[in-house]
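Working notes, structure below.
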Amino acid sequence: MFSKDLIQAICDWQRGGTSKQKAKRGERLKREAVSLPEEFRQCPLCCFRQISLEKGALWKLADQLELPESISAWTLSLDVAQSFKGGVPPQGWQGVIFAIHPPAGSVVVNLDRLFRNEDFLTAVEANKEQISGYQDGIGRYKNSQREVLLEVSTIRISDIHELGGYSSNRDELVRMIYGPAPSSANYEDFDRRVALSGAKLGPDWIEGEAKDRVIDKIRAVMPGLRTIKKLQAAMTNSHP
C-alpha cells in the first residue's frame, strides 16, 4: 500500500522547489496517491492556506481569485497558515488566509492522515535509506505542517478567513492619543492599557468584524469592477 515510489513522491513534494518543480511533483504525487485507500484521499475538516498578494490586488479580485497552480498545499492548522513564510507578509504586500471545506473529489492526498498512520510510518522507516533527499523532505518536516493537497483552481472572496495587516508603531500611537509631546507617564499609561487589552502592535492577522468590514468595502465596488472588466474585454476583442 505504501510503496517506495509513493514515499519518494511525498518526500519530493515536501522538499519544495520552483513553481515548475512543484507542479511536476504535485502531478507525480497525484498519480502515486490514486491507489491509496479512500480514507487518505478525503478531508472532512476545514483547510487553510496563506497567500501573499501585491498591495491593492485584493480590491481587484472581484468574485474570485485564480490560483497559479492546480495542485496546492493547504493545512489543517490555522497556526501553521498564520506562521507560514514568517507570518504576515512585509509591508507592500497583502497577506490573506483562505479557509475552505474541500469540494468533493478535490483531495489529492491527506498527508496529515498518512503521517498519523502507523503502517505508513513503518514503511517510511523501512525505506528512508533509499529515499533521495530524505533529510530535506520527510526527515525535516514529517507532519509539522499538517498538509492536505487539494486540486482547486479558484478561491472565492467569501473564503477569506483572515487578513494580514500592520498597526502604527508605539510612538505613533502614543502621539495620536496623548499629543505631539507625550511624557514618560503617557508611555507608561499606554503600555499598561495595551497589556490589559491584549492588543498586539505591528504585524498581526485580523479576523471577525474587522476583516468583514474590509470585505464589505470590496463587495461594494464589485459591480463596478465587473463592468470595467467587461469593457476591457470588449475593447481587446474589438482589435484585429
Going from the fewest other Cβ atoms within 10 Å to the most, one would list LEU149, LEU36, LEU173 as LEU173, LEU36, LEU149
CD proxy, 222 nm, the chain: helix-only mean residue ellipticity via -39,500 (n - 2.57) per DSSP H run with n ≥ 4, per residue, nearest 500, stands at -13500 deg cm²/dmol
The chain, Gaussian network, Cα under 10 Å: of LEU29, LEU67, LEU163, the residue fluctuating most is LEU67
The chain: longest segment with zero exposed GluC sites (Glu not before Pro), where exposed means DSSP loop plus at most 16 other C-beta atoms within 10 Å, is residues 70-206
Restricting to Cα pairs under 8 Å and 6 or more apart, the percent relative contact order of the chain works out to 25
Which of GLY87, GLY26, GLY16 fluctuates most in a GNM of the chain (C-alpha springs under 10 Å)? That residue is GLY16
Measuring from the longest principal axis of the C-alpha atoms of the chain, the long axis of helix 19-33 (C-alpha) lies at a number of degrees, nearest 10, equal to 50
In degrees rounded to 10, the 0-90 angle between helix 118-127 Cα long axis and the longest Cα principal axis of the chain is 70
If one builds a Gaussian network model of the chain from Cα atoms under 10 Å apart, the most fluctuating residue listed among GLN145, GLN91, GLN14 is GLN91
Exposure-ranked with fewest Cβ neighbours within 10 Å first, ASP112, ASP171 stand as ASP171, ASP112
The helix 184-197 Cα axis meets the longest alpha-carbon principal axis of the chain at an angle in degrees, between 0 and 90 and rounded to 10, of 40
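Every number in this text was worked out from the coordinates using simple rules, so none of it is lab data. Every value quoted in this text rests on a predicted model; they were computed, and no experiment measured them. So basically every Cβ, Gly included, is an ideal-geometry build from the backbone, and we count neighbours across all protein chains shown.
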